[in-house]
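Colleague: I have a structure here, written as structure tokens, and I will follow up with some questions on it.
Bear in mind that the values in this text are calculations on the coordinates, not laboratory data. Keep in mind it's a predicted model, so treat the numbers as computed, not measured. Every residue, glycine as well, gets a Cβ built from its backbone with ideal geometry; the counts of neighbours run over all protein chains shown.
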Amino acid sequence: MDKLTFTQDICEGIAVFHLCGSIDHHTVKNVREEIDRNIYRLRPHEVVLDLNDVEFMDSSGLGLILGRYTRISDLGGALTLVGMSDEVMKIIRLSGADSFIRCEKKSEKERMIKNA
Amino acid sequence: MLKNSANSVKMQLDSRSVNEAFSRAALAAFLSPLDPDFGEMCDLRTAISEAVTNCIVHGYKGNGGIIYINLSYYDDRTVKIAVRDKGCGIEDIKQAMQPLFTTDRSGERGGMGFTVMKSFCDKMRVKSKVGKGTSVFMEKKLR
């Protein structure tokens, strides 16, 4: 799928954004602003980007992740990435972003939230 | 027709971001007779996506233009991808190719485009002239 959509859940101050589709320079544009609007409205102490249903990501996705990391850090919060495929993780590792952004196994964070 | 290529395709795309996905789909269709494995296909789709995005964002700076793409493969399963723009060109190619370097000031560009292309292909070369445009040549031998 060459579109990008997302749904969100909020639970106990953790906002989970489930991204679905392809993340490239074209698709990231609309999603980025909408995610930011939700971050500033909800003021979560943690943002989780669930990439479980992301079937493609190039370095524009890195820009999306790093930009959200900056936004949530400015608000004193943390960013976690979950559900990365091997291919998506390859790009994240290339940038070294996994050294300062928490990357967790598939849906682990979501299971934690559901069990809370 | 490229000398000794088993197959080749030339495309001209409008410099529109919606064509990033088209370039990936076109490459996948072109390479399907070679039956590349999933990882190889992902690598090459990502590489072409990066190159086309660079043309749009940096070469033509979001304005109009044409992106020229040459795809070819050879009997030894070497795939060659050439992506060219006639945009602004790169002043310092070495600097541009440094990981995380970007001329974008919005804070939303990762600056990893060339790094990804270089890492996902066996060979990658950039030719550019300020005011004339940029060409990126990528090569990968499939298993």
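Colleague: I need the phi-derived Karplus couplings for the range A:61-73: 6.51 cos²θ - 1.76 cosθ + 1.60, θ = phi - 60°, integer Hz, Gly and Pro marked x.
Modeller: Karplus values, whole Hz, x for Gly and Pro: x, 4, x, 4, 5, 5, x, 6, 4, 5, 4, 6, 5.
Colleague: Below 8 Å between Cα atoms, with a sequence gap of 6+, how large is the relative contact order for chain A in percent?
Modeller: Relative contact order here is 24 percent.
Colleague: Enter the angle in degrees (range 0 to 90, nearest 10) between the Cα long axis of helix B:38-54 and the first principal axis of the Cα atoms of chain B, meaning the one along which they spread out most.
Modeller: 30 degrees
Colleague: While we're on this one: For the pair A:Ser85/B:Gln95, report the inter-label distance in nm, with labels modelled 7 Å from Cα in the Cβ direction.
Modeller: It works out to 3.7 nm between the two label points.
Colleague: Return one number: the angle in degrees, 0 to 90 and rounded to the nearest 10, between the long axis of the Cα atoms of helix B:19-31 and the longest principal axis of the Cα atoms of chain B.
Modeller: In chain B, helix B:19-31 runs at an angle near 20 degrees to the longest axis.
Colleague: Once the other residues with Cβ under 10 Å from the Cβ of A:Phe6 are scored (Lys, Arg +1; Asp, Glu -1), what is the net sum?
Modeller: With Lys, Arg at +1 and Asp, Glu at -1, the net is -3.
Colleague: If you average the sequence gap of Cα pairs under 8 Å that are 6 or more apart and divide by the length of the range B:1-129, what percent do you get for the contact order?
Modeller: Reported relative contact order: 28 percent.
Colleague: In a shell of Cβ-Cβ distance under 10 Å around B:Gly89, excluding B:Gly89 itself, what net charge do Lys and Arg (+1) and Asp and Glu (-1) give?
Modeller: Summing Lys and Arg as +1 and Asp and Glu as -1 gives +2.
Colleague: Under 12 Å Cα to Cα from A:Lys90, which aspartates and glutamates show up? Leave out anything in the same chain fewer than 8 places away.
Modeller: Output for A:Lys90: A:Asp58, A:Asp98, B:Asp43.
Colleague: Mean separation of Cα pairs under 8 Å and 6+ residues apart, divided by the residue count of the range B:1-54: what relative contact order is that in percent?
Modeller: Relative contact order comes out at 41 percent.
Colleague: At a Förster distance of 51 Å, what's the computed FRET efficiency of A:Arg93 paired with B:Lys132, Cβ-Cβ distance as r, to 0.05?
Modeller: Between A:Arg93 and B:Lys132 the formula returns 0.90.
Colleague: Of the trypsin sites (Lys or Arg not before Pro) in the range A:1-104, which ones lie in a loop per DSSP and count no more than 16 other C-beta atoms within 10 Å?
Modeller: Sites meeting the loop and neighbour criteria: A:Lys3.
Colleague: Turning to a different aspect of this structure: Do any of A:Lys3/B:Lys141; A:Lys29/B:Lys61; A:Lys29/B:Lys140; B:Lys94/B:Lys118 go past 21 Å between their Cα atoms, and which?
Modeller: A:Lys3/B:Lys141; A:Lys29/B:Lys140
Colleague: Report the local net charge at B:Arg143: Lys and Arg +1, Asp and Glu -1, summed over other residues whose C-beta lies under 13 Å from its C-beta.
Modeller: Charge balance in the 13 Å sphere: -3.
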